[in-house]
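These notes concern the structure reproduced below.
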Amino acid sequence: MTETVRLSKRVAELVGCSRADAERYVEGGWVSVDGELVDRPQHKVTTEAVTIDADANLAPPEPATILLHKPAGYDAITGSNPASALAVPSARWADDASGIRLFKRHFANLTPMVPLDRDASGLIVLTQDGRVWRRLSEDGDEIEHEYIVEVSGEMAPWGLRRLNHGLSYEGRELPPCKVSWQNEIRLRFAIKGAQGGQLRDMCRQVNLQVVSIRRIRVGRIPLGKIPEGAWRYLPSGERF
């Protein structure tokens, strides 16, 4: 009868390394069992073919940051219908050019960042990386976000000037931002520190009704062509 052993033990035997290093190989996503990547050292094997990637190394794995195109109707941070549930391996954008290898551990302990209204769509950020968390939380009000807002109605006189500077929200005078017409029904907002419901209220103050809101950029990171419900990785060289 063939003995059942932990995958890490089999890897240690194959590589000729310590059990601790074998576990790091497995957790690093370098080990396949019958052609399928397995990242759990305790996985049991018997006669299966266990292979180690030729490029395997023991460098600690980088934490992942995922850029997700949230559809309207999903909650960005908290709520009963979290957008984070869309961050699954099968939803990775086919044109993701990050070059990052997909591992199951990338979908554990993701923290949602950059709030976005439930009825809005567009770019949100999910991260395991403390550096990204600090950047988007501690410096969040200094990072410019860009939105495309589809509207209906006829803008009040001097409305565009007032949108750029001259409105208040919840009793607070709003700082200057950049608002321009993209076409006859869509406004482009480039704004810092926008609060929940603020863009709708700003439009209401100039007699416009909001049809839809889509965030297309956070800092220097664009939404690009990521389809709704899909995601890509943020490579280490890209910064907000």
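Label region 144-218 by shape, choosing from rounded, prolate and oblate, from the square roots a ≥ b ≥ c of the eigenvalues of the Cα gyration tensor; if a/c is under 1.5 it is rounded, and otherwise prolate applies when a/b is larger than b/c, oblate when it is not.
rounded
Please report the net charge: other residues with Cβ closer than 13 Å to the Cβ of Leu208, K and R +1, D and E -1.
0
Between region 2-26 and region 200-240, what's the alpha-carbon centroid distance in Å?
The distance from the Cα centre of region 2-26 to that of region 200-240 comes to 45 Å.
Got a sec? How would Phe240, Phe189, Phe103 order by Cβ neighbour count within 10 Å, fewest to most? Please list the in-between numbers first.
Values: Phe240 19, Phe189 24, Phe103 16.
Ascending number of Cβ neighbours within 10 Å: Phe103, Phe240, Phe189.
Net charge near Ala120, counting Lys/Arg +1 and Asp/Glu -1 over other residues with Cβ under 15 Å of its Cβ?
Numbers: positive: Lys70, Arg118, Arg186, Arg188, Arg200, Arg214, Arg215, Arg217; negative: Asp75, Asp117, Asp119, Glu146, Glu150, Asp201, Glu228.
Taking every other residue near Ala120 into account, the sum is +1.
Can you pull out the GluC sites (Glu not before Pro) in region 121-194 that DSSP calls coil and that have at most 13 other Cβ atoms within 10 Å?
Hits after loop and neighbour filter: Glu154, Glu170, Glu184.
Counting Lys and Arg as +1 and Asp and Glu as -1, each charge on the Cβ, what is the dipole of the chain about the Cα centre in debye, to the nearest 20?
Details: 32 positive and 32 negative charges, 86 e Å.
Charge dipole of the chain: 420 debye, to the nearest 20.
Roughly what % of Cα-Cα distances in the chain sit above 32 Å, to the whole percent?
Working: 10555 of 28680 pairs.
I get 37 percent for the Cα pairs in the chain exceeding 32 Å.
Name the lysines eligible as straight-distance cross-link partners of Lys178: C-alpha to C-alpha under 24 Å, and not fewer than 8 places from it in the same chain.
Lys70, Lys192, Lys225
Using helices alone, what [θ] at 222 nm do you get for the chain, with -39,500 (n - 2.57) per DSSP H run of 4 or more residues, divided over all residues and rounded to the nearest 500?
Calculated from helices alone, the mean residue ellipticity at 222 nm is -4500 deg cm²/dmol.
At a 10 Å Cβ-Cβ cut-off, how would you order Val38, Val125, fewest neighbours first?
Ranking Val38, Val125 by Cβ neighbours within 10 Å, fewest first, gives Val38, Val125.
Once phi is turned into θ = phi - 60°, what whole-Hz ³J(HN,Hα) does the Karplus curve with 6.51, -1.76 and 1.60 give for every residue of region 9-14, x standing for Gly and Pro?
5, 5, 5, 4, 5, 6
May I ask for the equivalent-ellipsoid semi-axes of region 1-47, computed as the square root of five times each C-alpha gyration tensor eigenvalue and listed largest first in whole Å? Show your work: numbers first, answer last.
Details: eigenvalues 47, 33, 14 Å².
Ellipsoid half-lengths, sorted descending, are 15, 13, 8 Å.
What ranking do Val179, Val15 get, fewest neighbouring Cβ atoms within 10 angstrom at the top?
In order of increasing Cβ crowding within 10 Å: Val15, Val179.
Where a number appears in this text, it was derived from the coordinates with a stated rule and is not lab data. On a predicted model such as this, the values are computed, not experimentally measured, just so you know. FYI the Cβ positions are ideal-geometry reconstructions off the backbone, even for glycines, and counts take in every protein chain you see.
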